[in-house]
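K.L.:
My questions will all concern the structure given below.
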Amino acid sequence: MTLATFLKQVMAGAAIAAALVAFIASQPAHAAARLKTSVVVDAAVVTLGDLFDAAGPLAATPVFRAPDPGVEGRLAAADAIAAATAAGLPLAPDATAAGEIAVVRRGILVGGDDFGDLVRDAVADRGALDAAAIDVTFDAEPASLVTAASTPLTLVSLGHQTGSGRFTARFSLDRGTGPEIVELAGQAVETIEVVVLTRSIERGDVVGANDIALVRQDRRRVARSAGGEPDRFVGLAARRPQRVGAALALADFEAPRLVGRNELVTVVYRRPGMALTARGRVLDNGAAGDTVRVLNEQSKRIVQATVVGRGEVEVLAAPLTTARLETREGAIR
């Protein structure tokens, strides 16, 4: 080998080595893992990826049991670092073992409304009903429970009697230790909106806007005649006493009476350009606009009159006409 050839080989090897060093230098180094100050988990175990940023391929490695759903636990930083070291996770040079880490496991709080919604939807589906019209009550109100965030509350089975509305239901939920069965019983019935009184009233009392309310009641116990439009009752008078909370029917109400039988009233006689008043005795009950009989107690004559106000009726008299005198020259008015 000549000197020139040897030098060429040396120079070529140096170039390859330099290129290799440059390539290695250009590759990003694996980031050292850093311990978090707080952790929120969904699963039953805490992994290195939950505890450390940049855990890399070891992120899924389980290291600790998680708290119960909805509970916050405390983990010593020294224990977290020891677990990472044992698993071979490279840590940042400034990693410290002082202090604690807050570990929270997410959970969902379920209560009576959640159980009721599942029953309501199931009953509505079976009967092709509006779920909003189903009223659900439990024999014993369900206790509020915390379930694992990854496992929602589910309805396993439902037995429902259409006639009585009675039901028995089985639910499944996960409180962190696997599925748990909860059995509940109660009543689920279809309801309808009806108008009810907020106070008891007597016969003849007039209904005001503040005397009524719109509520939902068991459809089976509501008469078909019951009304559901509050405005239609305002201003009407009760034909008979009505108790508070009872569903109202329009047939039990009427326009308020402005005159009553045998009541003395003011009688107004109207003619074009003239009005006369007198006293008379009305012979019928009447509301506004009704036609009633009125007795003139002096002449004992009975006339037909229209009720126009409280204790007042009106008689529309025919227009006055004048007789004509016939003469040979013609008619003189």
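K.L.:
Under 7 Å between Cβ atoms, which residue pairs at least 6 apart in sequence (or on different chains) link something in region 239-258 that is free of Cβ contacts under 8 Å to residues at least 40 places away in the same chain and of a type outside the set (Asp, Glu) with a partner that is crowded, with 16+ Cβ neighbours inside 10 Å and in a loop (DSSP other than H, G, I, E, B)?
P.N.:
Cβ pairs passing all conditions: Ala249/Gly227; Leu250/Gly227; Ala255/Leu236.
K.L.:
Also, quick follow-up: Do we have any residue at all in region 47-58 that's within 17 Å of Ala102 (Cβ to Cβ), among the polar types (S, T, N, Q), in contact with a strand residue (DSSP E or B) (Cβ under 9 Å, 6 or more places away or on another chain) and not assigned by TED's automatic domain parsing to the domain that holds Thr177?
P.N.:
Among the residues of region 47-58, at least one is within 17 Å of Ala102 (Cβ to Cβ), among the polar types (S, T, N, Q), in contact with a strand residue (DSSP E or B) (Cβ under 9 Å, 6 or more places away or on another chain) and not assigned by TED's automatic domain parsing to the domain that holds Thr177, which makes the answer yes.
K.L.:
Could I ask something else about it? Quick check: is even one residue across region 133-147 closer than 14 Å to Ala188 by Cβ and part of a helix (DSSP H, G or I)?
P.N.:
Looking for residues that are closer than 14 Å to Ala188 by Cβ and part of a helix (DSSP H, G or I), one finds at least one in region 133-147, hence yes.
K.L.:
Of the residues in region 123-142, how many are over 30 Å from Val45 (Cβ atoms) and in contact (Cβ under 8 Å) with a residue 40 or more places away in the chain?
P.N.:
Total satisfying the criteria: 11.
K.L.:
Would region 78-93 turn up any residue that is exposed (fewer than 14 other Cβ atoms within 10 Å of the Cβ), over 24 Å from the mean Cα position of the chain (by Cα), at pLDDT below 90 and farther than 17 Å from Val189 by Cβ?
P.N.:
Yes; the residues of region 78-93 include at least one that is exposed (fewer than 14 other Cβ atoms within 10 Å of the Cβ), over 24 Å from the mean Cα position of the chain (by Cα), at pLDDT below 90 and farther than 17 Å from Val189 by Cβ.
K.L.:
Out of Val189, Val119, Val207, which single residue is in contact (Cβ under 8 Å) with a residue 24 or more places away in the chain, in contact with a Leu (Cβ under 6 Å, 6 or more places away or on another chain) and either within 30 Å of Asp42 (Cβ to Cβ) or among the aliphatic types (A, V, I, L, M) (or both)?
P.N.:
Among Val189, Val119, Val207, only Val207 is in contact (Cβ under 8 Å) with a residue 24 or more places away in the chain, in contact with a Leu (Cβ under 6 Å, 6 or more places away or on another chain) and either within 30 Å of Asp42 (Cβ to Cβ) or among the aliphatic types (A, V, I, L, M) (or both).
K.L.:
Something else: Determine which single condition Val136 fails, assuming it passes every other condition in (1) in contact with a Lys or Arg (Cβ under 9 Å, 6 or more places away or on another chain); (2) within 16 Å of Leu248 (Cβ to Cβ); (3) among the β-branched types (Val, Ile, Thr).
P.N.:
So Val136 meets the others, but not (2).
K.L.:
Being polar (S, T, N, Q) and either crowded, with 17+ Cβ neighbours inside 10 Å or under 24 Å from the mean Cα position of the chain (by Cα) (or both), is that true of even one residue in region 191-202?
P.N.:
yes
K.L.:
Going through region 219-246 one residue at a time, which ones are at pLDDT 90 or above and assigned to a strand (DSSP E or B)?
P.N.:
Ala237, Ala238, Gln242
The values are calculated or read from the model by the stated rules, or taken from the named source; none is laboratory data. Everything numeric in this text was worked out from a predicted model, so none of it was measured. Backbone-built Cβ (ideal geometry, glycine too); neighbour counts: all protein chains shown.
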